[in-house]
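One structure is given here, and the rest of the page talks about it.
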Amino acid sequence: MHMTELTTPYEKRKVIEYGSGRNFNTPVRHWHEVQQVAGPLYKSREVENRYKEQECDLYLFYDGIPAGLRFMRQKRIEVRDTPEYLLGLVQTGGVGSLSGYLDNLKQDMDNSRWIGLADIEFVRQFDEAQAQRLAAYRQGRLVQREQAWQAEENKRLETEAAAAEKLRQEKQSQRDAFLGWADDMSELRFGQVKKVMERKGRFNGTVMTRRDFVIKQLLEGRVPVCINLGRSNEHRLYDPVKRDWYIVTKTEHDFAKYLTDSGKIESLK
């Protein structure tokens, strides 16, 4: 016989389950029309889901206990769903009897598994002391979870702080490479300067950045000069002895002039 062919009557029975909306984690008691499938297992009336399939909820009711529990929500009804098959699922899950259900809760506590509020309220119907023990266990698990979350959060914050500090040091190191010239530049301006000055080229067979090229030329006695060519300026690193020069960008010229005017180039000699 298939579960949809049962002839046992429907009856209204109370179920302990969770509320909706703001009360999604609050145990409430709702009345449901249920039909016995086998043993403690009952089902709701069948409904059609959005996929045009038949489904129902499954509940557990134990003898002598006023309210039952939800066993499975929105169970899709399949060809194999006979009362014998469904009862087998209940028995395999260890909840075929009240004693089995209570053993399951004990195993959950022994193995540090979660226990829901609905289970606690279900037990409260017939064993207040055990319900209190379950509630205390659950509270302890909540504390452990909060502590674990806080530890992870602290670790995340420490990692982020370390990464931020490393980035700050890297950025400061990049600015320090310009010997004070870039200290007061905005991030945008420094980014533009760095892009120019870190560009590499070959000079007398040696590959170097424009920054290093400028410093090298100053150390060899060249000086920055700006020549007005009418509608534009030409920036040079000029050797007053050899009377020759290298044409450079304004950024390179400004860096060279800073090093010369501030005396910083002297400290590198």
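The values are calculated or read from the model by the stated rules, or taken from the named source; none is laboratory data. Quantities reported herein were computed from a predicted structural model and do not represent experimental measurements. All Cβ positions, glycine included, derive from the backbone under ideal geometry; neighbour counts span all protein chains shown. Areas reflect the complete protein model, heavy atoms only, side chains present, ligands, DNA and RNA absent. Shrake-Rupley method; radii C 1.70, N 1.55, O 1.52, S 1.80 Å.
General observations
- Residue within segment 217-233 that is open to solvent by 50 Å² or more (accessible area, probe 1.4 Å) and in a helix (DSSP H, G or I) present: yes
- Some residue of segment 89-99 being aliphatic (A, V, I, L, M), closer than 30 Å to residue 50 by Cα and touching a His at 6+ places or on another chain (Cβ under 9 Å): no
- Boolean, residue 172 is open to solvent by 60 Å² or more (accessible area, probe 1.4 Å), under 22 Å from residue 268 (Cα atoms) and of a type outside the set (A, V, I, L, M): yes
- Verdict on residue 129 being open to solvent by less than 50 Å² (accessible area, probe 1.4 Å), out of contact with any Gly (no Cβ under 8 Å at 6 or more places or on another chain) and among the small types (Gly, Ala, Ser): no
- Put simply, of 14, 75, 52 the only residue that is part of a strand (DSSP E or B) and open to solvent by 40 Å² or more (accessible area, probe 1.4 Å) is 14.
- Of all residues in segment 249-262, those that are over 16 Å from residue 177 (Cα atoms) and open to solvent by less than 50 Å² (accessible area, probe 1.4 Å) have Cβ atoms under 8 Å from Cβ atoms of residues that are of a type in the set (D, E, K, R) and assigned to a helix (DSSP H, G or I), 6 or more apart or on another chain, in 249/210.
- Here residue 32 clears all of (1) in contact with a Lys or Arg (Cβ under 7 Å, 6 or more places away or on another chain); (2) under 21 Å from residue 120 (Cα atoms); (3) in contact (Cβ under 8 Å) with a residue 40 or more places away in the chain except the condition numbered (3).
- Sole exception among (1) at positive phi; (2) part of a helix (DSSP H, G or I); (3) not small (Gly, Ala, Ser) for residue 179, by number: (2)
- Residue in segment 147-156 that is surrounded by 12 or more Cβ atoms within 10 Å (Cβ to Cβ), at pLDDT 95 or above and in a helix (DSSP H, G or I) present: no
- Of everything listed in (1) surrounded by 11 or more Cβ atoms within 10 Å (Cβ to Cβ); (2) assigned to a loop (DSSP other than H, G, I, E, B), the single unmet condition for residue 80 is (1).
For every residue, the table says whether it meets (1) among the aliphatic types (A, V, I, L, M); (2) in contact with an Asp or Glu (Cβ under 7 Å, 6 or more places away or on another chain); (3) farther than 30 Å from residue 69 by Cβ.
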residue	(1), (2), (3)
126	no, no, no
151	yes, no, yes
178	no, no, yes
210	no, yes, yes
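- Complete set of residues in segment 193-205 that are in contact with a helix residue (DSSP H, G or I) (Cβ under 9 Å, 6 or more places away or on another chain) and not in a helix (DSSP H, G or I): 198, 199, 200, 201, 203
- In segment 1-11, of all residues being touching a residue at least 40 places away in the same chain (Cβ under 8 Å) and assigned to a loop (DSSP other than H, G, I, E, B), the one that is most open to solvent (accessible area, probe 1.4 Å) corresponds to 1.
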